[in-house]
Each structure stands twice: as C-alpha cells, then as structure tokens.
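The values are calculated or read from the model by the stated rules, or taken from the named source; none is laboratory data. Given the structure is predicted, the values throughout are model-derived calculations rather than measurements. So basically every Cβ, Gly included, is an ideal-geometry build from the backbone, and we count neighbours across all protein chains shown.
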Amino acid sequence: MNGVRENLVDAPTLLAGIEDPDLRLFDCRFSLADPEAGRRAYAEGHPPGAYYADLDTHLSSPIGPTNGRHPLPDPARLAAWLGDCGVSPRTRVVVYDDVGGGFAARLWWLLRWIGHDRVALLDGGLQAWIAAGGALTGEDPRHEPGELTARPDDTRWITTEALAAELSAGRPTLIDARAPERFRGDQEPIDPVAGHIPGAINLPLTDNLDADGRFLCAERLHKRFTRAIGPAPPSSVVHSCGSGVNACHNLLAMEIAGLHGSRLYAGSWSEWIRSPERPVATGSDEGDLGIGTTTGRL
C-alpha cells in the first residue's frame, strides 16, 4: 500500500483509512518535565478515535527500589487495557506523538513484545497529521472492547544483570540514544548521576529523523547503524537511553533499516546507576566507542 513502510505509516495514508473499523490510534504525547502535559494536549485536540496512552500509567509499572524510571508494564495488565480500548488480534494499531516518535516508539515496542505485530508509528507525528488536513477533536473515542492476550517474548529485552554479564564477556554492542551532552556527562537534567555505561556507543535518536521529523529512508538508516556496529550482527545490539523509552526509537530505526533482532535494555541508565558498584564512564564524542573516564563507583 502506498504510504506504508513496514512499522511506519504516513499521514495521508492514515487519513484515507481513518474510518477502518479495525484501526485503533494511540496518542503518546508526554513531557518528563510536566507529566500531565500530554493528557492536557490530548484533551484539547486529537485525531478522531485516538485513545490517550499515558507513559507513567499505561506504558510503565510503578518504580521500585532497584529499577529505573519507567519499568516495563505488567504484560497482562497492558493487554487488558488495550483490549478495553478495542484492540484485538486483528486490529491495526497506529501510535503517534509530537516529538518525532520518541515516546510513541515505546508503545510500538511494547505491542510487539506482547505479541501484537500489527502496529505502525505515524511518520512525522501529529504535525504530519495536521499538515495532511487531518481533523482534531476533543471527544473521547468509543469502541467495543476487544480481547487481547499477552504473549510476551522476553528475548526482546535484557535485564541489568544479564547486560552486565554480557558486557564483561565482550558480547553485546550497546547503543545509547540520549543526547550527546547527557551521554558525555556534561549535563544531566533528569538522573542523579551523569555519564554512560562503559563501552556504549552514542547514536542520538534525533539523528534518525530528517528536518521534517520523519524517519530517514531505510538505506540511510542502514548506513548509520552499520557504520556504528561494524561487523557485529544486529542480534548482538542492545539499545539503552535514560529509562528504556527513547531507546525504542533506535530499535525501530534498525527495524526500518532491515537490521532485525536487536534488544532493549529496559532499565537503561536510570536503573544502571541504582547500584554504586556499577562502573560509569564520562567523556567521548558521538560516534566513538564510549571510552572516556571510567569510575568503579558512583
């Protein structure tokens, strides 16, 4: 179908099929600085039929004493909520936000994790929808509930303990999606410790997008990631960020590029630094091997 790349859909195509009874939209707008901002923006206007997916409420579990800022949600609870929104195995799901997919990619990944692969991200986000002539409404969607059973594939992600063991063995290629200044440790506006996991490569998620906030073509994304990982197979790649949200953007970019099988470090930096025994690195520029000053304690 024109306008559809695997895992992506463009705004004109979505607009043409917006009345499809098997389509469900999810608005993933969110702000870490103001957690209620996305919900307020949704109430002010969203594409017809879209449900609001709150990062803290729907797409994460409560924070515990040892995990990061956005632990993975309970898969059964996630599937039950999606079912309440009318999602069933035959449903096509489209997710979007207004920041190039930085938050929406989380729901894209979660759906695939629990076994629902019929999901795509709206390329260009809400801005592309509006530019294509899409309407906005403040009305709540109404659909008959669906039944969705979670069948989580836990080979798609890795725990902190497993990552530490693999790093010690020199196996995974770890890619960090955060901005370069956070990766280097020049500044850290969110987490209590600055820096990155030793050995990580910095590939900021923003560089997956063009000037209009749409994903680069598959060929350019392929070059970007293969230049970074070299001969390592895609299945050896693990994606990290601050809390396991933005990392999904790089994972999606690799899928678009045809580099399949990479994994998510769900806890990411905010979980890694929970233990003072885990090493922290600072320094290094985007694109090198993440080798800077390393300390054994935080």
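Inside segment 156-175, can you point out the residues that are exposed (fewer than 12 other Cβ atoms within 10 Å of the Cβ) and either assigned by TED's automatic domain parsing to the domain that holds Leu82 or assigned to a helix (DSSP H, G or I) (or both)?
Glu161, Ser168 - these are the residues of segment 156-175 that are exposed (fewer than 12 other Cβ atoms within 10 Å of the Cβ) and either assigned by TED's automatic domain parsing to the domain that holds Leu82 or assigned to a helix (DSSP H, G or I) (or both).
Any residue at all in segment 143-155 that's crowded, with 19+ Cβ neighbours inside 10 Å, part of a helix (DSSP H, G or I) and in contact (Cβ under 8 Å) with a residue 60 or more places away in the chain?
So far as segment 143-155 goes, no, none of its residues is crowded, with 19+ Cβ neighbours inside 10 Å, part of a helix (DSSP H, G or I) and in contact (Cβ under 8 Å) with a residue 60 or more places away in the chain.
Could you tell me how many of the residues in segment 162-188 are under 22 Å from the mean Cα position of the chain (by Cα) and over 17 Å from Gly283 (Cβ atoms)?
The number of residues fulfilling the criteria is 7.
Restricting the first residue to segment 67-83 and requiring it to be in the same structural domain as Asp54 (by TED's automatic domain parsing), which pairs with a second residue that is in a loop (DSSP other than H, G, I, E, B) and of a type in the set (Asp, Glu) meet a Cβ separation below 7 Å and a spacing of at least six or different chains?
Gly83/Glu147
Consider only pairs whose beta carbons are under 7 Å apart and that are at least six residues apart or on different chains; among these, list those whose first residue lies in segment 6-31 and is on the phi > 0 side of the Ramachandran plot and whose second residue is not aromatic (Phe, Trp, Tyr).
Going by the 7 Å Cβ cut-off, the qualifying pairs are Asn7/Ala120; Asn7/Leu121; Asn7/Leu252; Asn7/Glu255; Asn7/Ile256.
Here are some residues: Val119, Val99, Val87. Which one is within 17 Å of the chain's Cα centre (by Cα), among the β-branched types (Val, Ile, Thr) and more than 12 Å from Arg214 (Cα to Cα)?
Val119
Against the definition (among the aromatic types (Phe, Trp, Tyr) and crowded, with 20+ Cβ neighbours inside 10 Å), how does Trp81 come out, yes or no?
No.
Suppose we keep only residues that are buried (at least 19 other Cβ atoms within 10 Å of the Cβ) and not small (Gly, Ala, Ser) within segment 55-70. Which one would you say is farthest from Gly102 (Cα to Cα)?
Looking at the filtered set, the residue picked out is Asn67.
So which of Asp140, Asp97, Asp117 ends up being over 18 Å from Ala266 (Cβ atoms), out of contact with any Pro (no Cβ under 6 Å at 6 or more places or on another chain), of a type in the set (D, E, K, R) and surrounded by 19 or more Cβ atoms within 10 Å (Cβ to Cβ)?
Checking each option against the conditions leaves just Asp97.
Could you identify the single residue in Arg92, Arg106, Arg39 that is out of contact with any Ser or Thr (no Cβ under 6 Å at 6 or more places or on another chain) and without any contact (Cβ under 8 Å) to a residue 24 or more places away in the chain?
Just one listed residue meets the conditions, Arg39.
Within segment 104-113, is even one residue of a type in the set (Phe, Trp, Tyr), assigned to a loop (DSSP other than H, G, I, E, B) and assigned by TED's automatic domain parsing to the domain that holds Arg39?
So far as segment 104-113 goes, no, none of its residues is of a type in the set (Phe, Trp, Tyr), assigned to a loop (DSSP other than H, G, I, E, B) and assigned by TED's automatic domain parsing to the domain that holds Arg39.
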